[in-house]
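Asks: Shown below is the structure under consideration.
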Amino acid sequence: MNSQDPRGSTSVMRTKPVEKAISDTEAPEHRLRKNLGALDLTVFGVGVTIGGGLFVLTGTAAATYAGPAVALSFVIAAVACGLAALCYAEFASTVPVAGSAYTFSYATLGELIAWIIGWDLILEFFVGAAAVSSGWSGYLASALQGTPLQIPASVANTKEGFMNLPAGLLVLALTAVLVLGIKLSSRINQVAVAIKVGVALLFVLAGIFFVKTANLTPFVPPSQPTKGGGGSLTEPLVQVLFGMQPAAFGWAGVMSGAAVVFFAFIGFDVVATTAEETRKPQRNLPIGIISSLAICTVLYVTVSLVVTGIQSYKKIDPADAAPLATAMTHAGHPALARIISVGAAVGIIVVVMILLLGQSRVAFAMARDGLLPPVFAKVHPRFRTPYVVTVVVGVAAALLAAFTSIDVLAELVNVGTLAAFILVSIGVLVLRKSRPDLQRGFRTPLVPALPIVSALVCFYLMLNLAVETWLRFLVWMLIGLVIYFAYGRRRSRLVTGNVGTGDQQGRAGRG
């Protein structure tokens, strides 16, 4: 296969040369504005990562899977993310193009794999935005409880009412912000990140005085059989495959908890989707990806230790949408609980915004390559944002957020994200071998060992997700494959020959 001239190729494994991927970003009709520096990217990463995982899933994972050892679950998830982050950093500095893992895979593993990854990322960001906005409304309801603005139960969530109106309205409002420009989004993010990191630190500094060592003992609760009700579909796939006795807690529970709280770390890969809007991407992208992950890991571990120290994991309600506020109320400080609820509600907002940002950039890149309808690649003439796809994604995510809940969606996001991480890790090895000549602003250390370990760790975490999550994921993948073979394969720009600005300029000159 001639990777330098893929036009006309019918192979689903055709690759898009890195040079053409970069040159496409200079096409006037597709050019995005470069406004982001290293600090912007770090704050973006922290902004999207500190959210539903910290303020919602901490309680769920402690009560259901790991007890106080949920702190270890966060560490294990962070290690898996850290390994993948090093691979992402190399790719992002080598191929500074919108689309993140989709674009990286297109340059290394072929079009079909790239499509699968792109479809995977759409699942991650789109469903993630809906899930986090669902969790956000729980903190908003907690903050407004007992005030004249209290949200009626019928529209507060889907468990007590028929819809989650606040979640849907939030997504629509953030869609409008994203259309108006990346710099405005960055400024809003910086303010919100300062608030929610402040709230997390307030919870840790105030809550540490109410920690009871008895609540942290035993740190890894003994394994116990799970209660019936869901059948084998709700059990981790690894238990079903190897005939293990269904159980919670113990070390198996810690691993299952890691697979669930992995949702808390999706964020650094969103940083990679902003490559085309970054100044000096070879330098700034690796800094943003790695530093945001390090900051978030420290916060997750300390908060999880404090929340399980204040309140025994046995008394935490796994369905509680505001476990940090509940823990502070349990400690006898409802005023602090309200402050935490307000801060969390403000902070989680930007998580939704940045997930929507990542989704729109991935779909934009896929449309620019011809794999999705070209209308999704339209850029606003004034704001220089992909406004069509942003609006379409926003409306769809708003509907999903209004009629679903975070507990169903979080695991589905995790399995998709882990699959993307595996292919990015493999892609580093492929690109090192196929294109050793490329300039790399950052090089993943310990190659090939580190990418291989990264892929294996991510795969093991996938095995710890429920069977029903895998089934939903496979259905989503099948839908994606149908769309690719029915539409994308024949309309790919690698087939039509319209693969870059050079072609456009050539045709213009001949005209």
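Asks: Output yes when any residue across the range 241-260 is assigned to a loop (DSSP other than H, G, I, E, B) and modelled with pLDDT of 85 or more, and no when none is.
Replies: Yes, that holds for at least one residue.
Asks: So how many residues does the range 387-406 have that are of a type outside the set (Gly, Ala, Ser), open to solvent by less than 10 Å² (accessible area, probe 1.4 Å) and touching a residue at least 60 places away in the same chain (Cβ under 8 Å)?
Replies: Adding up the residues that qualify gives 1.
Asks: Take SER142 and tell me if it is touching a residue at least 40 places away in the same chain (Cβ under 8 Å), assigned to a helix (DSSP H, G or I), more than 20 Å from VAL388 (Cβ to Cβ) and open to solvent by less than 10 Å² (accessible area, probe 1.4 Å).
Replies: So SER142 does not fit the description; no.
Asks: Out of VAL375, VAL301, I need the residue that is free of Cβ contacts under 8 Å to residues at least 40 places away in the same chain, among the aliphatic types (A, V, I, L, M), surrounded by fewer than 24 Cβ atoms within 10 Å (Cβ to Cβ) and part of a helix (DSSP H, G or I). Which one?
Replies: VAL375
Asks: Based on what the data block shows, is ALA107 touching a Pro at 6+ places or on another chain (Cβ under 8 Å) and either more than 24 Å from VAL193 (Cα to Cα) or at pLDDT 85 or above (or both)?
Replies: So ALA107 fits the description; yes.
Asks: Taking the range 319-335, which residues are aliphatic (A, V, I, L, M) and at pLDDT 85 or above?
Replies: LEU324, ALA325, ALA327, MET328, ALA331, ALA335
Asks: Which condition from (1) in a helix (DSSP H, G or I); (2) surrounded by fewer than 24 Cβ atoms within 10 Å (Cβ to Cβ) is the one that GLN359 breaks?
Replies: (2)
Asks: Looking at the range 305-350, which of its residues are in a helix (DSSP H, G or I) and among the hydroxyl-bearing types (Ser, Thr, Tyr)? Step through it out loud before you land on a result.
Replies: Pass one, the range 305-350, residues in a helix (DSSP H, G or I): 305-310, 313-315, 323-330, 334-350.
Residues satisfying the conditions are THR308, TYR313, THR326, THR329, SER341.
Asks: Condition first: open to solvent by 50 Å² or more (accessible area, probe 1.4 Å), of a type outside the set (A, V, I, L, M, F, W, C) and part of a helix (DSSP H, G or I). Now tell me which residues in the range 168-219 satisfy that.
Replies: Matches in the range 168-219: LYS183, ARG187, GLN190, THR213.
Asks: Give me a count of the residues in the range 144-178 that are closer than 17 Å to PHE125 by Cα and either in contact with a His (Cβ under 9 Å, 6 or more places away or on another chain) or among the acidic types (Asp, Glu) (or both).
Replies: 0
Asks: Name the residue that is nearest to SER73 (Cα to Cα), counting only residues in the range 305-344 that are open to solvent by 10 Å² or more (accessible area, probe 1.4 Å) and within 24 Å of the chain's Cα centre (by Cα).
Replies: LEU305
Asks: If you check every pair at least six apart or on different chains, which have Cβ atoms under 9 Å apart with a residue in the range 460-485 that is within 14 Å of LEU241 (Cα to Cα) first and a residue that is assigned to a helix (DSSP H, G or I) and among the charged types (D, E, K, R) second?
Replies: Note: pairs meeting the criteria are LEU465/GLU411; ALA466/GLU411; GLU468/GLU411.
Asks: Looking only at helices (runs of 4 or more DSSP H) that lie completely in the range 447-500, which have at least 1 residues being under 20 Å from the mean Cα position of the chain (by Cα)?
Replies: 449-463, 467-483
Asks: Filtering the range 261-291 down to residues that are modelled with pLDDT of 80 or more and open to solvent by 40 Å² or more (accessible area, probe 1.4 Å), which residue is nearest to the chain's Cα centre (by Cα)?
Replies: For the range 261-291, the residue satisfying everything is ILE290.
Asks: Something else: Restrict the check to the range 381-403 and report whether at least one residue is assigned to a loop (DSSP other than H, G, I, E, B) and of a type in the set (Gly, Ala, Ser).
Replies: The answer is no, given that none of the residues of the range 381-403 is assigned to a loop (DSSP other than H, G, I, E, B) and of a type in the set (Gly, Ala, Ser).
Asks: Quick test of your reading of the structure: ILE426 fulfils all but one of (1) at pLDDT 90 or above; (2) closer than 23 Å to GLY53 by Cβ. Name the failing condition by number.
Replies: (2)
The values are calculated or read from the model by the stated rules, or taken from the named source; none is laboratory data. This structure is a prediction, so every number in the text was calculated from the model and none was measured. Glycine gets a Cβ as well: all are built from the backbone with ideal geometry, and neighbour counts include every protein chain shown. Note: accessible area is taken over every heavy atom of the protein model, side chains too, but ligands, DNA and RNA are not part of it. Shrake-Rupley method; radii C 1.70, N 1.55, O 1.52, S 1.80 Å.
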